[in-house]
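Right, one structure below, let's go through it.
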Amino acid sequence: MSTYIINNTFRKLRIYQKRTFKFDIISAIVVFFVAIPLCLGIALASGAPLFSGILSGIVGGLVVGSLSGSQVSVSGPAAGTAALVLAAITHLGDFNTFLLALTLAGILQIIIGLMRAGFIADYVPSNVIQGLLCAIGILLILKQLPLAFTLSANLTELKLHLLELSESLSFEPLMSLSRHLNPGAMIISFSAIGILIFFDKTKITWLKVIPGPIVVVLIGVLLNELFLLNNSHLAQTSPQLVNIPQHEGFADFYSQMNTPMWSSWTNPKVYLYAVIIAAVASLESLLNVKAGEKLDKKRRYCSKDQELLAQGFGNLISGLVGGIPITSVIVRTSVNIQTGARTKMSTIFHGLLILLTVILIPQTLNKIPLSTLAAILIYTGYKLTKPTIYRTIYRHGLDRFIPFIATLISIIAINLLEGILIGIVINLFFVLKSSSQARLNIIKEIYPNGVTNRLVLPQQATFLNKASLVAELAAIPKNAQLIIDARHSDYIDKEIVEFIKEFKEEQAPHKNISMNLIGFKDQYSVHNYIDFINVTTYDVQTTLPPPQVLYILKEGNQRFLKDTRIHRSLKNDIKYTAVTQHPIAVVLGCIDSRVPVETIFDMSFGDLFCVRIAGNVVNDDVLASIEYACHVVGAKLIVVLGHTRCGAIQAACNGVKQGHITNLLAKIKPAVAAETQTLTDRTGENPTFVHNVTRLNIANTLLHIYHKSAILRLMTDQDEIGIVGAMYDVNSGEVHFQDFSKTITQMDQPHEPILSEKLHDLLQAADRMSIKNVTTRRTKPRVAKTKKRAT
């Protein structure tokens, strides 16, 4: 087993070396060049020893890089925490006491990660994150200008400029550009930007594999060395060069580390600043990791909880060895992505490079002009804030663009955290406005007993849905029936529950609205409530004329076709039909499994009598069942329902004779004989012949019902019941109610003018009812239409 693990590890290393290593090491080198001045400048601005910034950069690369789940994020000291660190050191009295607070902050971050609080990052809108990225791009460009084009008077002035890389905008360095231009820095900067553009745009294949930023650094060093050899005024010297503190071996390096002052654990301010540092560092890290995911070309996502754990361990170790707070840093992350990093090994490599170079060769790195690094950051900033980004977000609408631009301006004018909070607040305003205008799902449902309005609550019903809920319920007309359906809701907050209770107890009685509440869970303070039932009752059955019943069946089939079937509460339907039944129609259909009668008419318990027999033929038992349905129970309509591709019809066309099937198919033979249009291929394999026979078989069944049952004939003649034929299409699901008044004349039976008239008049009356209801529906108030569900 151990041999397998070792071999598998070596195999993965070979694959990594072959496919990914070169990309990661190049990115690591570029990020390393950028990180050195950032670490030094942030440490200086924080009031901490310069060496603490270097230590934080090492820990951010090695520790956080190893533990983080992000493949692109780079961590280290962040300018966003500089003011906080300066205040903490001032109030706590010394740097070593501050280290105790930082150590405790790291432990707090670990606890926050274990509590799975990383989900907070997922609630930051994408347009706010994009505003952050564009703001960072602008800040990179503007704040690198002093390093790219000017001559700093001394090291202190330079380090203040270095802080300007990530903090909010200060115009003083920009306004002083013209007073001390640095021609040598300008030559190096313009050359570097030109090289970066060339390498980015070139179509020369062999040049594409050469990393532009590394070439820029090398050329910058060579140009400056050339200036120095010629004693040119263009030469860059300290403080215009990278300035890494010198060390004499590892022992000297180790001796400069600081440790926490453990005796200060009784100081309450230590715990206060520990909480503040943990909160600020956690939020900034989550936001920057989220922004890094948006920049990542492969769109790789990481666990935010794991990121909090990684940052917590990083700050814990940073506090123990004498560093300053660590967060994910968007500047270094964006450079890492832009230079082609493939995995998080680039982050680890950059931390290792800082460690090795600071210990072994600090004097070599101190030859790199800062103007070269500034040019790399300026070009990276341009990529973050290209004009196409603004145009794209503007096309998405003002509700997306205004929070985006507000975030951008706030970050530039104030700082990263406050800018993002402002963007989130403005975005929340548009969310609330949108939620108030969104419509909940109100469906007009036609039951046998009339029209019912069903309001379907969304899966998550929160206070954001209250405005639209108020509007929808206010639009319900007086004397209406309303169902509030919570069966699809996983969560309903107390604000919504309280409003529904108020509407049920106060507004609904005032408007005489019959109201049902269904699907509410036991833990809600509002419970399921039934004020009316939608199953067919005696009163409904006795007042419905046959044309109205036919119209209801046609409407039900349309709902079935459109997949907008009525949202029934089956348990309630079972409960209220258990004692008695009052169906409105009886359907004589085929036993075919593809014709589920109640389903295709969108009917339920207590709505229909269904008689099913192969070929929808009639015998004494079938007639007795239909007589019982109409004469005894009170059904108002008889539907003879045939269907396409009927097996019984095909068997009759083929003359099948087998057992009891022979007697049943004999009842279809009159329809086969009456089909005189087809002269050849009169078999079950001819679809036209089978279709014609199916229609004639429906007509034959209609005649048999009318002829053989004196009870049903009398009820039909006196318009107590209606009778109609229909064809169900097994391909489309549609039921075609057809006028069989002429078809029955093709059968070899005495002409029945009364039946023909009744068949024709019933369909005409139902059609007029359909036209009337369509017209009425168009003039109904808004509540009668289906609305778009709020998300």
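So the values come out like this:
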{"item": "Contact order normalised by residue count of the chain, Cα under 8 Å, 6+ apart, percent", "result": "15"}
{"item": "Volume per residue that the Cα convex hull of the range 571-687 spans, once the total is divided by residue count, Å³", "result": "131"}
{"item": "Peptides 113-120, 20-27 ordered by average Cβ neighbours within 10 Å, highest first", "result": "20-27, 113-120"}
{"item": "Gain on full stretching of the segment that runs from K22 to F190 - 0.36 nm per residue minus C-alpha separation", "result": "57.7 nm"}
{"item": "For peptides 28-37, 467-476, sequence by mean Cβ density within 10 Å, most packed first", "result": "28-37, 467-476"}
{"item": "Simple Cβ-charge dipole of the chain, Lys/Arg +1 and Asp/Glu -1, about Cα centre, in debye nearest 20", "result": "1620"}
{"item": "Probe 1.4 Å, accessible area per residue of the chain, Å²", "result": "45"}
{"item": "Rg and Dmax of the range 205-322, Cα atoms only, in Å", "result": "22.1, 64"}
{"item": "Separation between Cα centres of the range 274-331 and the range 480-524, rounded to whole Å", "result": "45"}
{"item": "Scattering profile of the range 291-386 at q = 0.12, 0.24 Å⁻¹ [log10 I(q)/I(0), Debye over alpha-carbon scatterers]", "result": "-0.51, -1.38"}
{"item": "Per-pair calculated FRET efficiency, R0 = 35 Å: D681 and D739 via Cβ, rounded to 0.05", "result": "0.80"}
{"item": "Calculated P(r) of the range 5-70 - Cα pairs past 21 Å, %", "result": "43"}
{"item": "Ordering of 452-460, 591-599 by burial proxy (mean other Cβ atoms within 10 Å per residue, highest first)", "result": "452-460, 591-599"}
{"item": "The range 370-417-the range 24-43 distance, computed between alpha-carbon centres (Å)", "result": "22"}
{"item": "Computed helical MRE - 222 nm, the chain, DSSP H runs ≥ 4 contributing -39500 (n - 2.57), nearest 500", "result": "-17500 deg cm²/dmol"}
{"item": "With every protein chain in place, the range 488-552: carbon and sulfur % of accessible area (1.4 Å)", "result": "47"}
{"item": "Extended-chain gain in nm, criterion 0.36 nm per residue less alpha-carbon gap, S232 and D620", "result": "127.8 nm"}
{"item": "Karplus-derived HN-Hα couplings along the range 738-745 (A = 6.51, B = -1.76, C = 1.60, θ = phi - 60°), whole Hz, x at Gly and Pro", "result": "10, 7, 8, 5, 8, 5, 5, 6"}
{"item": "Cβ-Cβ FRET estimate between R299 and Q558, R0 fixed at 51 Å, reported to 0.05", "result": "0.75"}
{"item": "Span from the the range 552-587 Cα centroid across to the the range 81-147 one, whole angstrom", "result": "61"}
{"item": "Vicinal HN-Hα couplings computed from phi for the range 680-685 (Karplus, 6.51 cos²θ - 1.76 cosθ + 1.60; Hz; Gly/Pro x)", "result": "10, 6, 8, 10, x, 8"}
{"item": "D399 accessible area, assembled protein chains, probe 1.4 Å, Å²", "result": "80"}
{"item": "Whole-Hz ³J(HN,Hα) from phi, Karplus 6.51 cos²θ - 1.76 cosθ + 1.60, for the range 704-717, glycine and proline x", "result": "4, 4, 5, 6, 8, 10, 5, 5, 5, 5, 5, 5, 5, 4"}
{"item": "Under 5 Å, built H, 5+ apart or other chain: amide partners of L588", "result": "V611, V639, V640, L641"}
{"item": "For percent of Cα pairs over 37 Å apart, calculated from these coordinates, the label among (i) 45; (ii) 67; (iii) 60", "result": "(iii)"}
{"item": "All lysines inside 25 Å of K297 as judged from Cα atoms, apart from same-chain residues fewer than 8 positions distant", "result": "K12, K18, K22, K201, K203, K208, K344, K383, K386"}
{"item": "Portion, in percent, of the accessible area of the range 28-117 that falls on carbon or sulfur, probe 1.4 Å", "result": "72"}
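The values are calculated or read from the model by the stated rules, or taken from the named source; none is laboratory data. Model, not experiment: these values are computed from the prediction. Every residue, glycine as well, gets a Cβ built from its backbone with ideal geometry; the counts of neighbours run over all protein chains shown. Calculation scope for accessible area: heavy atoms of the full protein, side chains included, ligands and nucleic acids excluded. Shrake-Rupley method; radii C 1.70, N 1.55, O 1.52, S 1.80 Å.
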